[in-house]
Every structure is written in C-alpha cells, then in structure tokens.
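The block underneath contains the structure these notes are about, expressed in structure tokens.
The values are calculated or read from the model by the stated rules, or taken from the named source; none is laboratory data. Since the model is a prediction, treat every value here as computed from it, not as a measurement. All Cβ positions, glycine included, derive from the backbone under ideal geometry; neighbour counts span all protein chains shown. When the accessible area is computed, the model is the full protein with side chains, heavy atoms only, and any ligands, DNA or RNA have been set aside. Shrake-Rupley method; radii C 1.70, N 1.55, O 1.52, S 1.80 Å.
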Amino acid sequence: MKSVAICPGSFDPITVGHLDIISRSAKMFDKVIVVVLINSRKAGGMFSPEERVDFIKRSTAHIPNVEVDFYDGLLADYAVKKGAVAIVKGLRVLSDYEDEFKQALTNKKLAENVETVFLVTNTEYMFLSSSVVKEVGNFGGDISDFVPPEIKQDIIDRIGER
Ligand code: PNS
C-alpha cells in the first residue's frame, strides 16, 4: 500500500518555508496532499482558499507526488478520508510547540491511526511565516526570499490593490 501524508495549513500565502517542508515530506512518503484548511483563529485573510490552492499548485508543480486540495472541515476527518498515515507539520521555534502539541493530541484523539510527524525547520526559515510575508510586503519590503518565485508578483499585486 502506498503511504499518503497530509501537509495541512492555512497557507495565506505559501512561503518558501512551507515549500521546504512539503519537498522534504515528498521524499518521505509516496504521496503528499497539501491541504488548505480553515484556521478559526485567523479571521479574514489576504487570499481566498481558491487562490491559496492555485499558489500552492504553481509552487509545487515540479514535485510529481504532491497534490493540492481545500477542505472546509476537520483535518482529522480529511486525513482519514484520504487514507493518510501521517500529518506532517513544520516546527520553527519553541513557541510553535505548545499549540502544535495541542493540535497533534486533538487530531490523535479524533483519528487514532494518523500520526503527526514534526519536521524541524531549516534554520534559514526559522523566522518566516505567512504573516511576515504580508507584514514586509505591506510596508513595501522585498519578499523575494520569502515566497516561491511563481507567486511573488500575485502577492505584490494584491498588496497594491489594498
Ligand atoms: O497554518 P496554520 O494556520 O498554523 O494551520 C492550522 C490548521 C489550518 C492546520 C488548523 O487550524 C486546522 O487543522 N484547521 C482545521 C480544523 C481542525 O481540524 N481543527 C482541529 C485541530 S486542533
């Protein structure tokens, strides 16, 4: 049986840090599904779910065993539906840990056969998040090193429209 892993997130937008975790996951599992989910603690957002999916598709087009999806429900339910063995998350700094630990325990309670696997961030992406991209972009800073080149202009355009 082929191993399926889920890389979940809100991806508003995908960063090169996310892409690093997705690429590394794709070497560990036969198939990786990157799924855009709703984080109820992050209201609004700069991009629609459809735009986020499109950005991820364009940024991962070179990785053959990656699929991209949107799901408006529980991550645990989605993982079971897709027959996943693992949920892969990136850990950057210690402050990520408490929340990720709670999410992993909740997901384990809801789907006992799906393991959460944490990949430690590449040191060059320790500071990076979608919020940093939006903050730097909103103030006119250079986001070239923060996002995949395929989507950089879309982000700059959206900031310009606001
Ligand atoms: O990129 P994020 O915002 O840190 O990702 C968090 C996300 C979207 C994976 C999380 O909020 C999530 O799993 N949302 C779907 C709803 C769900 O399953 N909630 C229970 C997990 S505690």
Could you report segment 1-154's accessible area per residue, 1.4 Å probe, as an integer in Å²? 54
Could you grab the relative contact order for the chain? Cα pairs under 8 Å, six or more apart, rounded to a whole percent. 28
Rounded accessible area of D99 (nearest 10 Å², 1.4 Å probe): 50
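Which entries of K57/K134; K82/K134; K27/K102; K27/K134 have Cα-Cα distances beyond 25 Å here?
Numbers: K57/K134 20 Å; K82/K134 32 Å; K27/K102 27 Å; K27/K134 29 Å.
Beyond 25 Å: K82/K134; K27/K102; K27/K134.
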For G90, distant residues with modelled amide H under 5 Å away: L119
Rank T121, T106 by accessible area, highest first, at a 1.4 Å probe radius? T106, T121
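Mind ranking F47, F118, F127 by accessible surface for me, highest first, 1.4 Å probe?
Details: F47 10, F118 65, F127 115 Å².
Greatest to least solvent exposure: F127, F118, F47.
For the chain, what does -39500 (n - 2.57) per DSSP helix run (n ≥ 4), summed and divided by total residues, give at 222 nm, in deg cm²/dmol to the nearest 500? Display every interim value, and only then the final one.
On the way: 6 runs with 67 residues, N = 162.
Using -39500 (n - 2.57) per qualifying helix, the result is -12500 deg cm²/dmol.
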At 1.4 Å probe size, with no ligands or nucleic acids counted, give the accessible surface of Y71 in Å², nearest ten. 50
With R₀ set to 25 angstrom, the calculated FRET efficiency between the beta-carbons of R158 and D77, to the nearest 0.05, is 0.20
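Starting from the Cα-Cα distance between E135 and K108, subtract it from 0.36 nm times their residue separation and give me the gain in nm to one decimal.
On the way: separation 27, 0.36 × 27 = 9.72 nm, distance 3.36 nm.
Here the answer is 6.4 nm.
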Suppose each label sits 7 Å from its Cα in the direction of the beta carbon; what would the F70-I38 distance come out to in nanometres? 1.2
On a 22 Å Cα-Cα criterion, which of the cross-link pairs K2/K109; K2/K81; K89/K109 come out too long? K2/K109
